[in-house]
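Beneath this line is the structure, given in structure tokens, with notes to follow.
The values are calculated or read from the model by the stated rules, or taken from the named source; none is laboratory data. A quick note: this is a predicted structure, and the numbers were derived from the prediction, not measured. Quick reminder, even Gly has a Cβ in these numbers, built from the backbone with ideal geometry, and neighbours come from all protein chains shown.
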Amino acid sequence: MSNCIAIDGPAASGKSTIARRVAEKLNIAYINTGSLYRAVALAAIRAGRDLSSLDRSFLDTLKLEYAENESGAYELKLNGAFPGAALRTAEVAAGASLVATQPVVRDFLLGVQRGFAGERMVVMEGRDIGTVIFPDAAVKIFLTASPEERARRRLAQDGESPDGATLAEVAREIAARDKQDSERAVAPLKPAPDAILVDTTGFSLDKAVETIIGLTARKLQESGICIMK
Ligand code: DC
């Protein structure tokens, strides 16, 4: 069994915020795997590459690691620097969805992601953590929320949507990403057969975090794993 609490789900389902809070409460590391796809897209944009056909030799030049930022939190570094807000622009989000359809990119990041879980339990959040990266994860959660609620959440996130974007436009952009993420041939977005499905529509953040912590605690207890304080 892998030392991984896998939290998967579609765009703007609240995964990142919830996964970060769960990791804080359990005092374990948190890895946002969407940042890895975003970092690949950002690096390719910066290098003037064609995002629709990346090759392994380019990917092998990328250095992706987690390091402590100024506030002491672990954050992704790309080629020695924290990309920060550059990862969260609409251009990079669309680029990430495109590069994520390419087997060469997924294969490259599979190795990177597996390298992050080891002796200690980690919370890893993404689209295929419970299905492909760690099919034997200790806990698998699949988060959803209605498209309208996800569009509202996305609109409330700084820098994620173009200035002046309307709810309808954001909902359309989310629907397009859902379609691309769930219909791609490799590692499509779908719950693992043994994942626990949680619909957070109408949940406050606190309620969502409490629910996931409760489910995680139960699952770990059932498996005889003790990490709770
Ligand atoms: O979670 P996010 O919006 O930061 O993810 C960016 C893109 O990366 C998204 O379109 C889907 C893709 N992705 C993926 O295919 N597999 C993952 N484990 C994480 C993200």
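Table for the structure above
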| item | result |
| --- | --- |
| Residue match in region 134-154 (condition: free of Cβ contacts under 8 Å to residues at least 24 places away in the same chain and surrounded by fewer than 18 Cβ atoms within 10 Å (Cβ to Cβ)) | yes |
| Complete set of residues in region 74-131 that are of a type in the set (S, T, N, Q), more than 23 Å from Ile5 (Cβ to Cβ) and more than 9 Å from the ligand (Cβ to nearest atom) | Asn79, Thr89, Gln102 |
| Unmet requirement for Ala208, which otherwise passes all of (1) within 20 Å of the chain's Cα centre (by Cα); (2) in a helix (DSSP H, G or I); (3) of a type in the set (Gly, Ala, Ser); (4) more than 17 Å from Ala19 (Cα to Cα) | (4) |
| Tally of residues being exposed (fewer than 14 other Cβ atoms within 10 Å of the Cβ) and either more than 17 Å from the chain's Cα centre (by Cα) or under 30 Å from Glu183 (Cβ atoms) (or both) across region 80-106 | 5 |
| From the options Tyr66, Tyr37, Tyr30, residue that is more than 14 Å from the ligand (Cβ to nearest atom) and either surrounded by 14 or more Cβ atoms within 10 Å (Cβ to Cβ) or modelled with pLDDT under 95 (or both) | Tyr66 |
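Residue-by-condition table, conditions (1) surrounded by 14 or more Cβ atoms within 10 Å (Cβ to Cβ); (2) of a type in the set (Val, Ile, Thr); (3) part of a helix (DSSP H, G or I):
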position: Ser182; (1), (2), (3): no, no, yes
position: Pro193; (1), (2), (3): no, no, no
position: Lys219; (1), (2), (3): yes, no, yes
position: Gly224; (1), (2), (3): no, no, no
